[in-house]
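Colleague: Here it is, the structure in full.
The values are calculated or read from the model by the stated rules, or taken from the named source; none is laboratory data. Predicted, not measured: the structure shown is a model, and the values here were computed from it. Here the Cβ positions follow ideal geometry from the backbone for every residue, glycine too, while neighbour counts run over all protein chains shown.
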Amino acid sequence: MNGWEAWGCNKCVGVFKRWQMEISVRLYESMKQYAPQGRHAFTINLHDAATVDDVLKKLCIPEKTAMVVLVNGRRAAKEAPLEEASTLVLYPPVSGG
């Protein structure tokens, strides 16, 4: 598609952005339901100023969903910027004793 990608899902408004980087995404446990084509590990093309929140919107993960976010093995906020070749991991909160 010449570097252009439509993103969003039926519940989200799709927008067109110029993608300039690729990241790896891994979803675990209940977060797997948001994986494209049922794959828990995949890559996504993003625009160069993308954040974790951009990926969450692209995957149509509801804003109120509780989750642990790791970028390159470190906890990150939804506003955290992403860089080329970053690895984003999402999993539900763990509790217990």
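Colleague: Name the pairs whose Cβ atoms lie under 7 Å apart, with the first residue in segment 13-41 and more than 18 Å from LEU82 (Cβ to Cβ) and assigned to a strand (DSSP E or B), the second aromatic (Phe, Trp, Tyr) and modelled with pLDDT under 95, and 6 or more positions between them or separate chains?
Modeller: PHE16/TRP4
Colleague: List pairs: first residue in segment 60-81 and closer than 20 Å to HIS47 by Cβ, second residue assigned to a loop (DSSP other than H, G, I, E, B) anywhere in the structure, Cβ distance under 6 angstrom, at least six positions apart or on different chains.
Modeller: CYS60/CYS9; CYS60/LYS11; CYS60/CYS12; VAL69/ALA76; VAL71/ALA80; VAL71/SER86; ASN72/SER86
Colleague: Continuing with the same structure: Quick check on my filter: what residues within segment 32-56 are surrounded by 17 or more Cβ atoms within 10 Å (Cβ to Cβ) and within 14 Å of LYS78 (Cβ to Cβ)?
Modeller: Hits for segment 32-56 are ALA50, THR51, VAL52, ASP54, VAL55, LEU56.
Colleague: Restricting attention to segment 50-62, which residues are assigned to a loop (DSSP other than H, G, I, E, B) and closer than 23 Å to GLY38 by Cβ? Before the answer, list the steps.
Modeller: So in segment 50-62, the residues assigned to a loop (DSSP other than H, G, I, E, B) come out as 50, 59-62.
Scanning segment 50-62 gives LEU59, CYS60, ILE61, PRO62.
Colleague: Would it be correct to say that LEU70 is crowded, with 19+ Cβ neighbours inside 10 Å and outside any loop (DSSP other than H, G, I, E, B)?
Modeller: On the way: crowded, with 19+ Cβ neighbours inside 10 Å: no; outside any loop (DSSP other than H, G, I, E, B): yes.
So LEU70 fails the test.
Colleague: Take the residues in segment 75-97 that are out of contact with any strand residue (DSSP E or B) (no Cβ under 6 Å at 6 or more places or on another chain) and closer than 13 Å to VAL52 by Cα, then tell me which one is surrounded by the most Cβ atoms within 10 Å (Cβ to Cβ).
Modeller: Filtering segment 75-97 for residues that are out of contact with any strand residue (DSSP E or B) (no Cβ under 6 Å at 6 or more places or on another chain) and closer than 13 Å to VAL52 by Cα, the one surrounded by the most Cβ atoms within 10 Å (Cβ to Cβ) comes out as LYS78.
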